[in-house]
Structures are given as structure tokens and as C-alpha cells.
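Step one of this worksheet: look at the structure below.
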Amino acid sequence: MKVLMVCLGNICRSPLAEGVLSDKIKKAGLNWQVDSAGTSNYHIDEEPDPRSQENALQHDINISHLRGRQFVKEDFQFFDKIYVMDDSNYQNVVKLASNQEDTDKVDLLLNQANPGSNHNVPDPYFGGSGGFENVFQLIDKACDAIIKQYS
């Protein structure tokens, strides 16, 4: 299984989601691939936000090696599932879809833990460190559901 996590800048939420899911994949002994991207081009080739890195390390997950990249139309061909962090990113991703099959690959990440809830992962960028921990907990629960559903 190939999974892509998507947020706006690919420096806060989606690299954290990539790191969390990668950690769970490794612990479960699964042969999956996971990546992350942003719908904007604001942070291409940048490290994740230092607050995201710090939060991940508090949970023994190192995301410092990740670098920001922009979501591209070709991602639909490579990835089986594309999880977006919020409604805005959902709209930006599905605009690039070529067909219904592409669109069907895209879902809000939090729908994995709470099907049909359509809740957004809040962007912690403009908040304090508590926002990053809240985001971690939401992502962690959703990634548990992904592992349970597809393994």
C-alpha cells in the first residue's frame, strides 16, 4: 500500500502524519510506502517546522530528514490512498484529479478514526506547542485506524 499525507505547506501536519504512519508501519512489520506533500509551493525542500519536529521527537519519531514538496497530478498514479488534513486541501487535491478513480483515493484523514465526520486536522502553525500535541493525538488515532483497516 502506498499512502500520501497532504496539508497546505508540508511542514507541520503532513510530515508529522508521514512520520507517525511510517512508525506504525515499521512496528507492524508492513511493507507499505508513505510520503507527504503540500498543496502550496511555500516550503519546497524545507525541513518540517521545528515545533513539529520537537513534538514528533517527544513521541520517539524523527521527522528531521523529511523535506517539503508540492502535490502533483502524477501523485494520483503512484499512491493508493491520499489523506488530506482539511477541506481546503481536499478541494485543492481533487481539482487535479483526472477521473473518479483519482477522486476516490482522496479522503480527510480524520475520517479514518471517525468515518463520515469530515473533521479537519487544525493547522497548528500560528499557535503554541499545545496545538502541535493536539494535532499529534488526532493524527495518531487516525493512523491507528488506517493500520487496522488495511493490514
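Data for the structure
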{"quantity": "Contour excess over end-to-end distance, with Cα ends at Lys141 and Ser64 and 0.36 nm allotted per residue", "calculated": "25.5 nm"}
{"quantity": "Per-pair calculated FRET efficiency, R0 = 25 Å: Gln33 and Ala97 via Cβ, rounded to 0.05", "calculated": "0.75"}
{"quantity": "Within the accessible area of the chain (1.4 Å probe), percent carbon and sulfur", "calculated": "47 percent"}
{"quantity": "Surface accessible to a 1.4 Å probe, per residue, for the residues of the chain, Å²", "calculated": "49 Å²"}
{"quantity": "Alpha-carbon centroid distance for the pair the range 4-65 / the range 86-115, whole angstrom", "calculated": "18 Å"}
{"quantity": "Theoretical ellipticity at 222 nm over the chain - DSSP helices of four or more residues, -39500 (n - 2.57) apiece, nearest 500", "calculated": "-12500 deg cm²/dmol"}
{"quantity": "Mean Cβ neighbour count within 10 Å, used as a protection proxy, ranking 3-9, 68-74 highest first", "calculated": "3-9, 68-74"}
{"quantity": "Gyration tensor (alpha-carbon) shape descriptor, the range 56-110, a/c threshold 1.5", "calculated": "prolate"}
{"quantity": "Heavy-atom accessible area ranking, 1.4 Å probe, most first, across His119, His59, His65, His43", "calculated": "His65, His119, His59, His43"}
{"quantity": "Under-5 Å amide H pairs with Gln33, H placed in peptide plane, nonlocal only", "calculated": "Lys2, Val3"}
{"quantity": "Point-charge dipole on Cβ atoms (K/R +1, D/E -1) for the chain, about Cα centre, debye to 20", "calculated": "260 debye"}
{"quantity": "Packing-based order for 82-89, 143-150, using average beta carbon neighbours within 10 Å, highest first", "calculated": "82-89, 143-150"}
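The values are calculated or read from the model by the stated rules, or taken from the named source; none is laboratory data. Nothing here was measured: the structure is a model prediction, and the numbers come from that model. Note: ideal-geometry Cβ built from the backbone for every residue, glycine included; neighbour counts use all protein chains shown. In case anyone asks, the SASA skips ligands and DNA or RNA and just uses the protein heavy atoms, side chains included. Shrake-Rupley method; radii C 1.70, N 1.55, O 1.52, S 1.80 Å.
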